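Colleague: Mind having a look at this structure? Questions to follow.
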Amino acid sequence: MHKNLRIGDILIEEGLITKNQLLDALAIQKQSNYDKKLGEIFISEGLISEKELALVLADQLDMEFLDLYSVEINLNLLKNYPIQILRNADSIIFKEDEDFIHVAIADPLNYDALEILERSIVIKPIKFYIALKNDIRHIYERLEIIETAKALMNQVKQEISSSDFKLDNEQSAIMLLIEQILKSSIINNASDIHIEPGISDVSVRNRVDGVLREIFVLDMDVYNALVSRIKILGNLDISEKRRSQDGRFSMQINSRDYDFRLSTAPTLHGESIVMRILDQQKILLTLNELGMSEKNLQKFQTLLHAPYGIVFVTGPTGSGKTTTLYAALNDIKDIENKIITIEDPIEYQLPLVQQIQTNDKINYGFSDVLRSVLRQDPDIIMVGETRDKETLTTAVGASLTGHLVFSTLHTNDAPSAITRMVQMGLQSYLIADSLVGVVTQRLVRKICPYCKCEHKPQLTLLDKLQAYLPQNPSFHTGKGCAKCGFTGYLGRVMICEILQIDANLSNQISLGKNRYEINEAAIKSGYEPMIVDGIAKALEGITTIEEVTRVVKI
């Protein structure tokens, strides 16, 4: 193991860095009084990724690179060994057999750590593997989570095994476990809770700022009781496990009222449950608080004040479409206008707005409600989602008869909304006559202001974005601190693109042009793709370039 590797020369041979880049890294190392390792400098300067370095080291040291998520790790095995010593060395024991103790380590050139491990684990010889540092740290976090939940799970197990166990008992241990999951999720500012059964355990994860984090790991012994109790809360059929079901329930957590939208789906190992958290007292955002750039905000204001027509807000699930529509309605609501919304579900209550909830169980869907709404003499209509041709045709018909209609679609960019409408069966001339504009958006995580620092992205990434970048751009990132849960991100902000339909573009649409021809015509009319807005926010230090490219196609 104790090879004297010249890592810089090896990376040059592999074509991953140049000689000048090596000399620059050596100069940085000298400035740090050799506190920094060359590998760390190459990664922080954006020359290589952590995985690329690990693969090179594995090849040079004749070791195996290990993806820790592809192997089954016996967490109980770790308790037999000095966990703190293993953690300090960024290493983990993942297997033991007759011949070896198998250890994954993040830095195989940290010979001091290797020697401490060899002295601490003397039962058998150690076989070392290379793994990523973040993967190792995540497994230790998972172990801590399991230990935290253990006491509550033991209480649940004892209760389930007792003869007087009742699922509908409001004071039961299973109910306390559910409340603990909900409380932890709300404290973490989560938007969704995912309960996912695996082979041997159940993972409970939160979606925080658009990214999932594990908060509990539960035993399979408590899973059935947990799922059944949640289904009772949502008025679902606990005996039906072969079909997806949807429901909702309300609960007071920390003296605040919350709605939870519930969805179940049958998977290989049991029913997966997702709960969307809806805060009834959540403050509505204004247009200025959405995070639009000044240019995009002006374009959006123009769309909002069109006398009639249809405006679509598009993007994937969880991209903030509903929030944008509510902010828009909040901005244009007036005592002189009648605004009616058709929603599933009604997430926020708006003053001066008539809000209608759809109900598929009694065949009162979006298209059914919309037809009846037109007889209510509205000026502005919001249709929560355009799911089918019937709803689209009715909404477009309303926009052509003097109403301003807002709705959402699931498309990846603004020009695709036009082709999506065609695919749903609407004639091109109707789209050209009715469509006012399309807003497509994503949510990107904001850099944590408490641990913000300068950052050099990988050069390969900068090369891909060269057409959008100025000379010598500077970027920032978050190092990770207690305030942001050591993620480097805190909160989210919108990035968007806005397509305004002018006479030229309307003509192209009516002629039935394809998506690429419409895209070219849109660019000539002043349309800018979302990547432009994303990079502008990265250059301002609001988000990272890596976060922008995570949600936007380059």
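The values are calculated or read from the model by the stated rules, or taken from the named source; none is laboratory data. Since the structure is predicted, the reported quantities are computational estimates derived from the model, not experimental observations. So basically every Cβ, Gly included, is an ideal-geometry build from the backbone, and we count neighbours across all protein chains shown. To get the accessible areas, we keep the full protein, side chains included, count just its heavy atoms, and leave off ligands, DNA and RNA. Shrake-Rupley method; radii C 1.70, N 1.55, O 1.52, S 1.80 Å.
Colleague: Go through the range 404-418 and give me each residue that's in contact with a Leu (Cβ under 6 Å, 6 or more places away or on another chain) and farther than 16 Å from residue 528 by Cα. Working first, answer last.
Modeller: Going through the range 404-418, the residues in contact with a Leu (Cβ under 6 Å, 6 or more places away or on another chain) turn out to be 406, 414, 417.
The answer is 406, and nothing else.
Colleague: Sticking with this structure for a sec: Please give the number of the condition residue 258 fails out of (1) more than 25 Å from residue 485 (Cα to Cα); (2) touching a Leu at 6+ places or on another chain (Cβ under 7 Å).
Modeller: (1)
Colleague: Here is a further query. Given the options 534, 491, name the one that is surrounded by 22 or more Cβ atoms within 10 Å (Cβ to Cβ), within 22 Å of residue 316 (Cα to Cα) and among the small types (Gly, Ala, Ser). Step through it out loud before you land on a result.
Modeller: Numbers: 491 fails: surrounded by 22 or more Cβ atoms within 10 Å (Cβ to Cβ).
Going through 534, 491 in turn, just one is surrounded by 22 or more Cβ atoms within 10 Å (Cβ to Cβ), within 22 Å of residue 316 (Cα to Cα) and among the small types (Gly, Ala, Ser): 534.
Colleague: Scanning for something out of contact with any helix residue (DSSP H, G or I) (no Cβ under 9 Å at 6 or more places or on another chain) and farther than 26 Å from residue 320 by Cα, does the range 214-223 turn up at least one residue? Talk me through it step by step, then tell me what you get.
Modeller: So in the range 214-223, the residues out of contact with any helix residue (DSSP H, G or I) (no Cβ under 9 Å at 6 or more places or on another chain) come out as 220, 223.
Still in the running and farther than 26 Å from residue 320 by Cα: 220, 223.
Yes.
Colleague: I'd like the full set of residues that are in contact with a strand residue (DSSP E or B) (Cβ under 7 Å, 6 or more places away or on another chain) and either of a type in the set (A, V, I, L, M, F, W, C) or open to solvent by less than 50 Å² (accessible area, probe 1.4 Å) (or both), limited to the range 460-475. Give the steps one after another, and end with the answer.
Modeller: Residues of the range 460-475 in contact with a strand residue (DSSP E or B) (Cβ under 7 Å, 6 or more places away or on another chain): 474-475.
Matches in the range 460-475: 475 only.
Colleague: In the range 516-531, which residues are in a helix (DSSP H, G or I) and open to solvent by less than 40 Å² (accessible area, probe 1.4 Å)?
Modeller: Passing the criteria: 518, 521, 522, 530, 531.
Colleague: Restricting to the range 520-547, and then to whatever is acidic (Asp, Glu) and closer than 14 Å to residue 293 by Cβ, can you tell me which residue is farthest from the chain's Cα centre (by Cα)? Break it down into steps so the answer makes sense when it comes.
Modeller: Taking the range 520-547 as the starting set, the residues that turn out to be acidic (Asp, Glu) are 520, 528, 533, 540, 546-547.
In the following step, the residues that additionally are closer than 14 Å to residue 293 by Cβ were identified as 528, 533, 540.
Values: 528: 24, 533: 19, 540: 22 Å.
Here the residue is 528.
Colleague: Could you tell me which numbered condition residue 121 fails, if it satisfies all but one of (1) open to solvent by less than 10 Å² (accessible area, probe 1.4 Å); (2) over 37 Å from the mean Cα position of the chain (by Cα); (3) modelled with pLDDT of 85 or more?
Modeller: (3)
Colleague: What number of residues within the range 45-73 are within 29 Å of residue 142 (Cα to Cα), part of a helix (DSSP H, G or I) and open to solvent by 30 Å² or more (accessible area, probe 1.4 Å)?
Modeller: 6
Colleague: Test each condition in (1) surrounded by 20 or more Cβ atoms within 10 Å (Cβ to Cβ); (2) in contact with a Lys or Arg (Cβ under 9 Å, 6 or more places away or on another chain); (3) of a type in the set (Gly, Ala, Ser) for residue 328 and report the one that comes out false.
Modeller: Looking at each condition in turn, residue 328 falls short on (2).
Colleague: While we're looking at this one, here's another question. Just checking, how many residues over the range 124-141 are among the acidic types (Asp, Glu) and open to solvent by less than 20 Å² (accessible area, probe 1.4 Å)?
Modeller: Filtering the range 124-141 for residues among the acidic types (Asp, Glu) gives 135, 141.
From what is left, the residues that are open to solvent by less than 20 Å² (accessible area, probe 1.4 Å) are none.
So the count comes out to 0.
Colleague: Test residue 309 against the stated conditions and say whether it is crowded, with 18+ Cβ neighbours inside 10 Å and closer than 17 Å to residue 278 by Cβ.
Modeller: no
Colleague: Something else: Condition test on residue 513, is it open to solvent by 50 Å² or more (accessible area, probe 1.4 Å), within 30 Å of residue 208 (Cα to Cα) and not in a strand (DSSP E or B)? Outline the logic, then answer.
Modeller: Numbers: open to solvent by 50 Å² or more (accessible area, probe 1.4 Å): yes; within 30 Å of residue 208 (Cα to Cα): no; not in a strand (DSSP E or B): yes.
When the stated conditions are applied, residue 513 does not pass them.
Colleague: Could you look through the range 263-297, keep only residues that are of a type in the set (Val, Ile, Thr) and loosely packed, with under 14 Cβ neighbours inside 10 Å, and pick out the one that is modelled with the lowest pLDDT? Talk me through it step by step, then tell me what you get.
Modeller: Taking the range 263-297 and keeping what is of a type in the set (Val, Ile, Thr), we get 264, 267, 273-274, 277, 283, 286.
Now restrict to residues that are loosely packed, with under 14 Cβ neighbours inside 10 Å: 267, 283, 286.
On the way: 267: 94, 283: 58, 286: 83.
Applying the filter and picking the extreme gives 283.
Colleague: How do the strands (runs of 3 or more DSSP E) wholly within the range 163-262 filter down when requiring 3 or more residues that are open to solvent by less than 10 Å² (accessible area, probe 1.4 Å): which remain?
Modeller: Numbers: elements: 192-197, 201-208, 211-219, 245-253.
In the range 163-262, the matching strands (runs of 3 or more DSSP E) lie at 201-208.
Colleague: Let me ask you something else. Which residues, taken from the range 485-503, are in a strand (DSSP E or B) and either modelled with pLDDT under 90 or under 16 Å from the mean Cα position of the chain (by Cα) (or both)? Steps first, answer last, please.
Modeller: The first filter runs over the range 485-503 and keeps only residues in a strand (DSSP E or B), leaving 489-500.
Of everything in the range 485-503, those that are in a strand (DSSP E or B) and either modelled with pLDDT under 90 or under 16 Å from the mean Cα position of the chain (by Cα) (or both) turn out to be 489, 490, 491, 492, 493, 494, 495.
Colleague: I've got another one for you. Restricted to the range 537-554, and to residues that are among the aliphatic types (A, V, I, L, M) and outside any helix (DSSP H, G or I), which residue is most open to solvent (accessible area, probe 1.4 Å)?
Modeller: Step one: of the range 537-554, the residues among the aliphatic types (A, V, I, L, M) are 538-539, 542, 545, 548, 551-552, 554.
Filter once more, keeping what is outside any helix (DSSP H, G or I): 542, 552, 554.
Values: 542: 51, 552: 18, 554: 96 Å².
Across the range 537-554, the extreme among qualifying residues is 554.
Colleague: Given (1) over 24 Å from the mean Cα position of the chain (by Cα); (2) open to solvent by less than 30 Å² (accessible area, probe 1.4 Å), identify the lone condition not met by residue 457.
Modeller: The single condition residue 457 does not satisfy is (1).
Colleague: When only residues in the range 94-149 that are in a strand (DSSP E or B) and aromatic (Phe, Trp, Tyr) count, which is nearest to residue 184 (Cα to Cα)? Step through it out loud before you land on a result.
Modeller: Start the filter on the range 94-149 by keeping residues that are in a strand (DSSP E or B), which leaves 94-96, 101-105, 126-130.
Subsequent filtering for residues that are aromatic (Phe, Trp, Tyr) retains 94, 128-129.
Numbers: 94: 29, 128: 37, 129: 35 Å.
The residue in question is 94.
Colleague: Additional query: Do you know which of the residues in the range 1-44 that are touching a residue at least 24 places away in the same chain (Cβ under 8 Å) and open to solvent by 90 Å² or more (accessible area, probe 1.4 Å) is nearest to residue 61 (Cα to Cα)? Step through it out loud before you land on a result.
Modeller: Of all residues in the range 1-44, those touching a residue at least 24 places away in the same chain (Cβ under 8 Å) come to 1-3, 5, 7-8, 10-11, 14, 16-17, 21, 37-39, 42, 44.
Still in the running and open to solvent by 90 Å² or more (accessible area, probe 1.4 Å): 2-3, 14.
Working: 2: 9, 3: 7, 14: 15 Å.
Selected residue: 3.
Colleague: Also, I was wondering about something else. Report the residue count in the range 203-225 for those that are free of Cβ contacts under 8 Å to residues at least 60 places away in the same chain and among the hydrophobic types (A, V, I, L, M, F, W, C).
Modeller: Initially, the range 203-225 is screened for residues free of Cβ contacts under 8 Å to residues at least 60 places away in the same chain, giving 203-206, 212, 220, 223-224.
Of the ones still in play, those that are also among the hydrophobic types (A, V, I, L, M, F, W, C) are 204, 212, 220.
Residues in the range 203-225 being free of Cβ contacts under 8 Å to residues at least 60 places away in the same chain and among the hydrophobic types (A, V, I, L, M, F, W, C): 3 in total.
Colleague: Sticking with this structure for a sec: Does the range 74-93 hold any residues that are within 30 Å of the chain's Cα centre (by Cα), outside any loop (DSSP other than H, G, I, E, B) and closer than 17 Å to residue 115 by Cα, and which are they? Full working, then the answer.
Modeller: The initial filter retains those residues of the range 74-93 that are within 30 Å of the chain's Cα centre (by Cα), namely 74-75, 87, 90-92.
Remaining after also requiring outside any loop (DSSP other than H, G, I, E, B): 75, 87, 91-92.
Across the range 74-93, the qualifying residues are 87, 91, 92.
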